[in-house]
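The structure appears right after this line, and notes come after that.
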Amino acid sequence: MSENPASVPVPLLDLKAQYATIRHEIRPVLDEVCDAQGFILGPRVEAFEKAVAAYVGTKHAIGMSSGTDSQLAAMMAAGVGPGDDVVTSPYSFFSTAGAVARLGAKAVFCDIEPETFNLDPSRLAAAITPRTKLIQPVHLYGQCADMGPILEVARSKGIPVLEDACQAMGAAYGAKKAGAIGAFGAFSFFPSKNLGGFGDGGMVTTDDDGMATALRALRTHGETSRYHHGMVGGNFRLDALQAAVLHVKLPHLDGWADGRRRNAKEIEALYLEFGGRTYEQGGLQFPREAAGRHHVFNQFVVRVGQGRRESAKEFLAARQIGHAVYYPVPLHLQECFLSWGGKPGSCPEAEKAAQETLALPVFPELTAGQKRFLAWSLAEFSRG
Ligand SMILES: *Cc1c(COP(=O)(O)O)cnc(C)c1O
């Protein structure tokens, strides 16, 4: 079993391989949109919104132009503005805090749990002030944050929760899906997300009728009736081509996530079979799925020991194995946010994760040979 597997390139993500399996379904709907020449919102977007609401388990789903704009619009609907705090994770994509800054509010960073990379609920209560308008946990890499205790704190303080579910469509916490747990969820359809469009796109989910109405107005410049504006919004609309593509892809989403989950398990098992060392022995730490959570592995992120990530990247690059760092700089240390008072040491777990994590290929179309070569190479690195 453990003879040296053949060397084969392993890209981090191969969207062409996915497209090959659904091309026959996608091409006709693209033609339909082109023939109809209706591109912004409209029936395709409405049908896709209904499908997402049913999938996630919320009363409403409101199509948006990106994950970033979904976060921004949700924060606007929650009334976030100058003088307000939004408590969130320091270890996320930029927009998690960027959207807060754009509204003139301040992100208050609550350090992460090292096992899941998500906001640590035990630190949440201490981060809340009378200015806290919103709590925004992130379901990083496709695993939900520990929403039970987060919601408990939020309810006790009467603060709404926005889930940054941009990497987590289909993930679950207990019986609830990401985006149906807090007051609202923000999703991204950036092409590399598990449900990826042919461009930018996003969605906000909510059960709240008033919020849904506000979000629909906010995405068209706050228009309450034609050319009458009750509030200032933006151009945050989802387009029909994206909705058409995403609607075709949605029924495949769970199958693709199962493929990612299987690959994650298989690669770890092969790594151990090939003599890969544990983190404690100087090797890799594979991702953990916390009890009661369904991880959809938008990213398959391992930890390499302190000071070994650069050599890991070089080792993998030499073997044509794709990899990426999500994210090398925690948000509290981003230059543009330093005025909020973040310093090295403010969020030690996020800072450690930012130095140690490495995302590896896990996409469902990986071949058996690619998985063996990937696991073999990782095991070899761990012994070096
Ligand atoms: C992708 C992503 C976003 C932003 O989504 P866009 O569609 O790229 O604007 C926000 N938060 C997280 C955690 C993400 O991964």
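Summary of computed values
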quantity	calculated
Under 12 Å, Cβ to Cβ, from residue 166 - net charge with Lys/Arg +1 and Asp/Glu -1	-3
Neighbour cut-off at most 13 other Cβ (10 Å), DSSP loop, trypsin sites (Lys or Arg not before Pro), segment 283-384	288
Three semi-axes of the equivalent ellipsoid, segment 252-382, Cα gyration tensor, whole Å, largest first	27, 19, 14
Cα-based Rg / Dmax (Å) for the chain	21.1, 70
Distance between modelled label sites at residue 228 and residue 17, nm, 7 Å Cα→Cβ extension	5.5
Positive-pole candidate from 287, 326, 241, dipole of segment 224-333, charges at beta carbon	241
Solvent-accessible area, 1.4 Å probe, carbon plus sulfur percent, for segment 98-239	52
Modelled FRET efficiency - R0 45 Å, residue 311 with residue 290, Cβ distances, 0.05 increments	0.90
As computed over segment 110-253, the Cα convex hull volume per residue (Å³)	133
Segment 214-249: trypsin sites (Lys or Arg not before Pro) falling in loop per DSSP and having at most 15 other Cβ within 10 Å	226
Calculated FRET value between residue 102 and residue 253, using beta carbons and R₀ = 35 Å, to 0.05	0.70
Most mobile of 47, 359, 107 in a GNM of the chain (Cα contacts under 10 Å)	47
Segment 18-251: relative contact order in percent, alpha carbon pairs under 8 Å with at least 6 residues between	26
Percentage of interatomic Cα-Cα distances in segment 1-98 larger than 23 Å	58
Mean accessible surface per residue for the chain, computed with a 1.4 Å probe while every protein chain stays in place, in Å²	41
Heavy-atom accessible area ranking, 1.4 Å probe, most first, across 55, 227	227, 55
Within a Gaussian network of the chain (alpha carbon springs, distance under 10 Å), most fluctuating of 298, 235, 194	235
Cβ-derived FRET efficiency at R0 45 Å, residue 36 paired with residue 279, nearest 0.05	0.25
Computed helical MRE - 222 nm, the chain, DSSP H runs ≥ 4 contributing -39500 (n - 2.57), nearest 500	-12000 deg cm²/dmol
Cα-based Rg and Dmax for segment 202-312, where Dmax is the largest Cα-Cα distance (Å)	22.2, 67
With every protein chain in place, segment 252-382: carbon and sulfur % of accessible area (1.4 Å)	52
Inter-label distance for residue 343 and residue 157, nm, one decimal - labels placed 7 Å from Cα along Cα-to-Cβ	2.3
258, 120, 200, reordered so the largest accessible area comes first (probe 1.4 Å)	200, 258, 120
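The values are calculated or read from the model by the stated rules, or taken from the named source; none is laboratory data. None of the values given here were measured: they were computed from a predicted structure. Note that we place each Cβ from the backbone using ideal geometry, even for glycine, and neighbour counts take in every protein chain shown. Accessible surface areas use protein heavy atoms only, side chains included; no ligands, DNA or RNA. Shrake-Rupley method; radii C 1.70, N 1.55, O 1.52, S 1.80 Å.
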